[in-house]
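Participant: Mind having a look at this structure? Questions to follow.
The values are calculated or read from the model by the stated rules, or taken from the named source; none is laboratory data. Quick caveat, the model's predicted, so the values are computed rather than measured. Heads up, the Cβs are rebuilt from the backbone with ideal geometry, glycines too, and the neighbour counts pull from every protein chain shown. All accessible areas refer to the heavy atoms of the entire protein, side chains included, with ligands and DNA or RNA removed. Shrake-Rupley method; radii C 1.70, N 1.55, O 1.52, S 1.80 Å.
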Amino acid sequence: MSLWTRIVNAFGGDRLNREIDEEMRLHIEEAVASGRSEEEARRAFGNLLLTRERSRDARVMGWLEGLVSDVRFGVRQIRKHKAVSASAALSLALAVGSSTAAFRLIDAMLLRPLPVKNPESLHYLAYTFPDQAGKPQEGDSFSYPLFLQLGETVKGDAELLAISYAYPVDLTFGSDAEMERAPRQYVSGNVFPTFGLRPALGRLLGPDDNLKPGAHPVAVLSYDYWSSRFGRDPGVLGRKFRIGEQVYEVVGVGPEGFTGTETGVITGVFVPTMMNQRAIGSVNWSWFRTWVRPRPGQALEPLRERLQTAFTNHRREMIKGFESNLPRQSADAWVRSKLTFQPASAGASRAQREYARALAVLGALVTLVLLIACANVANLMMAQTAGRAREMALRVSIGAGKWRLIQLVLVESAMLAATATLLGGAFAWWAAPWVMSRVNPPDQPLQLVLPADWRVLGFAAALSVVVTLLFGLAPALRASHVQPAYALKGGDGGRSRLRLIHVLAAGQVAFCFVVHFSAGLFVDTFQRITHQPLGFNPQRLALVEVSVKNGKQVTGEAWRQVADTLRTTPGVESAAMCSWPLMSGNAWTGTIRMPGKGPEAVEAFYLAVDPGFIPTMGIALKQGRNLNEADKAEGGGAAVVSEAFVRRYFGGGRAVGRTFERLSREHAVRYEVVGVVADVRYRSLRDPLQPVVFVPGDASGTFAVRTAGADPLAMAPALRTAISQARPDFRVSNTYTQQMLVDKWSIRERLLATLSVFFAAVAMALAGIGLYGVLNYSVQMRTRELGIRMALGASARHVGARVMARIGVVFAVGAAAGLAGGLSSERAIGTLLYAAHVSDPGALAVPLAVVGATALIASIPPLLRAIRIDPARTLRAE
């Protein structure tokens with residue numbers, strides 16, 4: 001009989017039995033027709049039941065038939081216990097969906113390889129150096145002259161690629177009124193050939209496009225940008241667009257799926273590195289990553305050593321002749337920065353470094369929730385299996401083996417897990433983009449590709465198998481160890497089963513405690529980082545980024561003209577200019593030298609502003625005066641410094657009238673302190689308060705506008721109109737608020753606080769359901785015992801105390817285990833996210849109170865059931 005026929009017959013059920021019975025009947029009738037008696041014909045067949053089973057075994061695949069039978073029985077069991085099955089499926093669906101959503105994010109950000117040839121062989125160069133506090137920091141930006149030198153060093157043994165960071169730029173395919181923003185990446189001519197990419201349209205950039213600065217103003221559009229902006233119109237080839245003064249011609253479209261190398265950014269246009277004419281020849285301008293693809297068989301360490309030597313020599317040459325302007329220790333550390341290879345198979349971006357740990361914490365949280373859900377469902381399955389002890393005993397009595405019983409229970413568990421996986425998949429489809437929206441900074445949102453491809457489906461399938469084993473194996477093993485004689489007499493091993501259920505319940509309490517403990521740390525982190533003093537007032541403060549059309553140069557008087565116009569605009573209280581806003585992430589640093597001393601080891605942070613900036617920002621003046629127009633006219637010899645600057649360099653006290661020098665490799669600039677202001681956050685919320693220097697200058701680029709209304713963005717149209725009327729050659733490229741910049745630095749903490757509270761609530765609900773199930777089953781198993789005690793005179797209070805003692809032990813064991821788990825993870829969480837330490841009593845008291853309240857609420861219904869037991873009715877039932 002063919003294999004296919006045996007597979008089909010496995011689904012035959014009663015039909016196959018009827019066919020075999022009919023065939024046996026025909027054989028007997030043929031024997032009778034040939035002259036034999038019916039009794040003799042039946043004796044010739046032997047045992048008819050055994051003959052039928054042998055015939056059935058020859059026609060079907062036995063293991064498949066048993067599996068099909070178990071599936072059908074499992075469906076009947078699920079339909080019979082609708083409430084328990086629905087509770088189990090929904091609990092698992094939430095946990096599985098959360099896990100799958102977390103995997104989609106982690107995969108898209110950290111794991112998914114680039115769609116290029118041999119992505120596993122790709123690396124990028126990074127270097128480590130100590131910051132001002134002596135902590136190791138990582139950098140990955142290189143200058144083009146250094147890139148060429150490194151390429152010559154490893155020529156023939158590795159291919160070096162120059163790929164810039166992907167930053168949004170203003171571009172237009174038409175007039176200035178049609179200006180738009182799209183991420184741009186500069187790439188060297190060997191990038192696309194080395195990656196093995198083929199164009200979807202036209203051609204890609206090659207080595208001939210990267211020979212001479214400014215010689216080849218051509219561009220390649222990404223497939224995503226081509227699709228969203230031009231609807232995949234093939235007529236895009238040959239079209240021209242302008243970035244600043246430079247006009248580019250579109251020569252091709254990249255392949256589908258390739259969105260650049262900056263994970264978290266979907267690049268719009270690729271242009272040759274030689275088109276960055278301002279930076280291409282400067283050793284002081286680091287603006288791209290250096291990627292490395294070694295030739296096959298080439299070891300990395302010898303390559304690294306050769307690159308390290310060239311890197312160190314280059315840096316030593318850069319500071320030659322300027323050593324006196326640099327702190328000796330800092331200069332030595334900078335020259336000796338260690339070069340490393342970083343894996344780049346999944347791309348390289350700052351977003352990966354920024355969110356890698358946050359995503360790892362997210363994965364840990366959903367894992368704990370998954371374990372709580374599995375323990376919860378395992379308890380439900382154990383309680384349900386207890387009611388089927390006699391059924392299992394009968395199966396064993398008629399010949400069912402242990403593996404057959406294990407398969408029976410596991411199939412039912414797998415069906416629940418499959419249902420939960422389908423529901424969880426729908427939840428994950430929604431949840432991952434939602435989480436993405438929560439981590440998006442306002443000025444440069446994250447853009448991740450989140451396909452539901454074989455990687456995600458494979459993870460979901462593997463997770464379904466793991467979940468089946470986690471919550472189904474324990475009930476299956478318990479069912480396989482049933483003792484038929486004992487079970488058929490009415491025993492079911494309830495006490496040993498109850499002990500296992502108590503262990504699982506204690507595990508739920510422990511995991512729930514760890515989740516709540518972690519949530520408390522994350523919430524405390526968010527509160528601490530968002531309530532730090534800023535040193536300025538971000539309320540009602542609009543920030544307007546302005547550029548000059550066609551990229552032409554204008555005088556400082558033109559910028560002051562626009563500022564004066566903004567100050568007289570209705571609804572504006574004050575306006576000022578700055579090079580960039582506070583907390584924008586940009587930084588201008590310089591070494592400080594005090595009179596008669598050498599260079600200081602700690603650098604100060606500078607910002608060029610106009611005289612109206614400090615009052616417009618609401619920065620408190622502590623000593624002296626503000627900057628004025630006369631200071632600007634004198635060429636920048638005056639400065640206003642922060643209190644941190646005074647403490648660090650002057651040792652505190654009176655600072656007005658004192659002088660210092662800002663050192664660079666080429667020269668020194670002398671400043672006189674005319675005022676001292678309160679400490680301000682310069683770059684981010686996470687950095688400590690830095691020494692800050694405000695210097696006068698034509699701070700072109702950004703206008704800070706204090707509005708009279710509560711919503712500064714409501715003034716955006718009026719500000720845009722005022723700027724265009726004052727200077728028609730000026731164009732507003734972006735408008736946002738100072739509060740948006742402040743909030744950007746707490747997005748990661750807000751994300752973790754929000755998700756951890758959500759998962760804590762889910763964990764609490766699951767743990768409550770699990771504890772309720774344990775207590776309810778415990779009372780059910782002890783109904784006869786409690787009835788006898790009450791018949792002998794035990795009070796309801798005494799019975800209730802015995803019931804509560806059980807939950808008390810479970811809670812105490814689980815809380816102790818959870819406390820140990822929380823303490824072991826607290827150090828890592830605190831170091832990672834600036835969270836509270838256990839020295840804060842609230843870090844322990846809150847989760848203990850929450851979990852304790854959950855256990856108390858879950859115990860009320862079983863407790864009421866226990867104290868309302870009717871002894872007479874219970875004993876009559878026995």
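Participant: Taking θ = phi - 60°, what integer Hz values does the Karplus form 6.51 cos²θ - 1.76 cosθ + 1.60 yield along segment 143-155, in sequence order, with x for Gly and Pro?
Facilitator: For segment 143-155, the Karplus-derived couplings read 8, 5, x, 5, 4, 5, 5, 5, x, 5, 5, 10, 4 Hz, x marking Gly and Pro.
Participant: Let me ask something else about it. For ALA299 and ARG350, what is the calculated FRET efficiency with R₀ set at 30 Å and r taken between the beta-carbons, to the nearest 0.05?
Facilitator: Efficiency, rounded to the nearest 0.05: 0.55.
Participant: To continue, here is another question. At 1.4 Å probe size, with no ligands or nucleic acids counted, give the accessible surface of ILE857 in Å², nearest ten.
Facilitator: About 110 Å², rounded to the nearest 10.
Participant: Any idea what log10 I(q)/I(0) is at q = 0.08, 0.16 Å⁻¹ for segment 541-744, Debye with uniform C-alpha scatterers and no solvent?
Facilitator: -0.28, -1.04
Participant: Separation of segment 187-247 and segment 500-570 by C-alpha centroid, Å?
Facilitator: That distance is 36 Å.
Participant: Using modelled amide H (1.01 Å from N, peptide plane; none on Pro or chain starts), what sits under 5 Å from the amide H of THR263, excluding residues fewer than 5 places away?
Facilitator: Residues meeting the criterion, in which the H sits 1.01 Å from N, are ALA348, SER349.
Participant: Order these peptides, 537-547, 333-343, by their mean beta-carbon neighbour count within 10 angstrom, highest first.
Facilitator: Top to bottom by mean Cβ count within 10 Å: 537-547, 333-343.
Participant: Using amide H atoms built in the peptide plane, which far-off residues or other-chain residues are under 5 Å from LEU114 H to H?
Facilitator: It is ALA346, GLY347, by chain and number.
Participant: Here's another thing I want to ask about it. For LEU362, LEU90, write out the residues from largest to smallest accessible area, computed with a 1.4 angstrom probe and no ligands counted.
Facilitator: From most accessible down to least: LEU90, LEU362.
Participant: Using a 1.4 Å probe, what is the accessible area per residue for segment 541-744, in Å²?
Facilitator: Computed with neighbouring chains in place, this is 38 Å² per residue.
Participant: I need the phi-derived Karplus couplings for segment 164-180: 6.51 cos²θ - 1.76 cosθ + 1.60, θ = phi - 60°, integer Hz, Gly and Pro marked x.
Facilitator: 6, 5, 8, 10, x, 10, 7, 9, 8, 8, x, 8, 5, 5, 9, 5, 9
Participant: While we're on this one: Between their Cα atoms, which of LYS155/LYS320; LYS117/LYS320; LYS320/LYS744; LYS597/LYS622; LYS549/LYS744 are more than 31 Å away from each other?
Facilitator: Where the Cα-Cα span goes over 31 Å, the pairs concerned are LYS117/LYS320; LYS320/LYS744.
Participant: Could I ask something else about it? If you average the alpha carbon positions of segment 138-183 and of segment 260-292, how far apart do those two centres end up, in angstrom?
Facilitator: 1
Participant: Turning to a different aspect of this structure: Over segment 119-345, one equal point on each Cα, no solvent: what is log10 I(q)/I(0) by the Debye formula at q = 0.09, 0.14, 0.16, 0.17 Å⁻¹?
Facilitator: With no solvent term, the Cα-only Debye profile gives -0.41, -0.91, -1.12, -1.22.
Participant: Which FRET efficiency value, to the nearest 0.05, is calculated for LEU792 and ILE860 with the Förster distance at 35 angstrom and r the Cβ-Cβ distance?
Facilitator: Step by step, r from the Cβ atoms, then E = 0.85.
Participant: Okay, moving on. For the residue pair LYS597 and ALA86, what label-to-label distance in nm results when each label sits 7 Å from Cα along the Cα-to-beta-carbon direction?
Facilitator: 7.4
Participant: Using modelled amide H (1.01 Å from N, peptide plane; none on Pro or chain starts), what sits under 5 Å from the amide H of GLU672, excluding residues fewer than 5 places away?
Facilitator: Here ALA638, ALA639 satisfy the definition.
Participant: Accessible area, 1.4 Å probe, largest first: how do HIS531, HIS667 sort?
Facilitator: The ranking, largest first, comes out as HIS531, HIS667.
Participant: May I ask for the Rg/Rh ratio of segment 236-351, computed from Cα atoms with Rh as the Kirkwood radius, given to two decimals?
Facilitator: We get a ratio of 1.05 for segment 236-351.
Participant: Under 20 Å from a label point 7 Å along Cα→Cβ of ASP332: give me every residue in segment 134-153 with its amide N that close.
Facilitator: Taking a point 7 Å out along Cα→Cβ of ASP332, the residues of segment 134-153 whose backbone N falls under 20 Å are 134-137.
Participant: Here's a follow-up. What net charge is computed for the residues neighbouring GLY363, neighbours being all others with C-beta under 13 Å from the C-beta of GLY363, Lys and Arg scored +1, Asp and Glu -1?
Facilitator: In short, +1.
Participant: Shifting gears a bit: By the scheme Lys and Arg +1, Asp and Glu -1, what is the net charge of all other residues having a beta-carbon under 14 Å from that of PHE258?
Facilitator: Net charge in that neighbourhood comes out at 0.
Participant: Would you please calculate the Kirkwood hydrodynamic radius of segment 522-621 over all C-alpha pairs and express it in Å, rounded to one decimal?
Facilitator: Kirkwood hydrodynamic radius for segment 522-621: 16.8 Å.
Participant: Across segment 798-812, in residue order, what do the Karplus-derived ³J(HN,Hα) couplings come to in whole Hz, using 6.51 cos²θ - 1.76 cosθ + 1.60 with θ = phi - 60° and x for Gly and Pro?
Facilitator: 5, 5, x, 5, 5, 5, 5, 4, 4, 5, x, 5, 4, 5, 5
Participant: Where the centroid of each part is defined by its Cα atoms, how far is segment 422-438 from segment 299-314 in Å?
Facilitator: Using only Cα atoms to place each centre, the spacing works out to 45 Å.
Participant: If you don't mind, another one. With every protein chain left in place, what is the accessible area per residue of segment 119-345 in square angstrom, probe 1.4 Å?
Facilitator: 44
Participant: Using 5 Å bins from zero, what percent of all Cα-Cα pairs in segment 262-301 falls into each bin?
Facilitator: 5, 14, 17, 18, 17, 17, 11, 1
Participant: Separate question: Tell me the accessible surface of LYS597 in square angstrom (1.4 angstrom probe, heavy atoms of protein chains only), to the nearest ten.
Facilitator: So the heavy atoms of LYS597 present about 120 Å² to solvent.
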